[in-house]
Amino acid sequence: MLQRLLPAAQSLTLTQFRSNPRAVTLSQLEQMVAKLSFSQSAASCRIESFAEPIVALREAEKHVADDGLLCVAGSVFLAAELLPAYRVASDCR
């Protein structure tokens, strides 16, 4: 999935799902990203990592233009964990 999304991304914010022992760790995810062969369009992609998912979400939101798109991908469990916080933040704007 990452190989398909990365060429269109201007930034990439990595985090980990913390409530499942089978989840990929942040360190493992960083290693996977480092091994990918980035296309020329993805070479300038800003990459950040945050251990706490809610912090990752807040930081990612800072880099989304008014007409931009924030894509939370990789785990439906992670997306489900973040959805309530995202809805609250959206309601406050």
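Taking residues in segment 21-42 that are more than 17 Å from Ala73 (Cα to Cα), and partners anywhere that are surrounded by 11 or more Cβ atoms within 10 Å (Cβ to Cβ) and modelled with pLDDT of 80 or more, not one pair has Cβ atoms closer than 6 Å while being at least 6 places apart or on different chains. Within the bounds of segment 26-49, is there any residue that is assigned to a loop (DSSP other than H, G, I, E, B) and at pLDDT 90 or above? No, that holds for no residue. Taking Leu12 as the residue in question, decide whether it is open to solvent by less than 70 Å² (accessible area, probe 1.4 Å), under 17 Å from Glu61 (Cα atoms) and at pLDDT 85 or above. Spelling it out, Leu12 is indeed open to solvent by less than 70 Å² (accessible area, probe 1.4 Å), under 17 Å from Glu61 (Cα atoms) and at pLDDT 85 or above.
Of all residues in segment 48-71, count the ones that are hydrophobic (A, V, I, L, M, F, W, C) and open to solvent by 70 Å² or more (accessible area, probe 1.4 Å).
We begin by selecting, within segment 48-71, every residue hydrophobic (A, V, I, L, M, F, W, C); these are 50-51, 54-57, 60, 64-65, 69-71.
When the remaining residues are screened for being open to solvent by 70 Å² or more (accessible area, probe 1.4 Å), the result is 69, 71.
Total satisfying the criteria: 2.
The values are calculated or read from the model by the stated rules, or taken from the named source; none is laboratory data. For clarity, every value in this text was computed on a predicted model and none was experimentally measured. FYI the Cβ positions are ideal-geometry reconstructions off the backbone, even for glycines, and counts take in every protein chain you see. The area values use the complete protein model at the heavy-atom level, side chains included, leaving out ligands, DNA and RNA. Shrake-Rupley method; radii C 1.70, N 1.55, O 1.52, S 1.80 Å.
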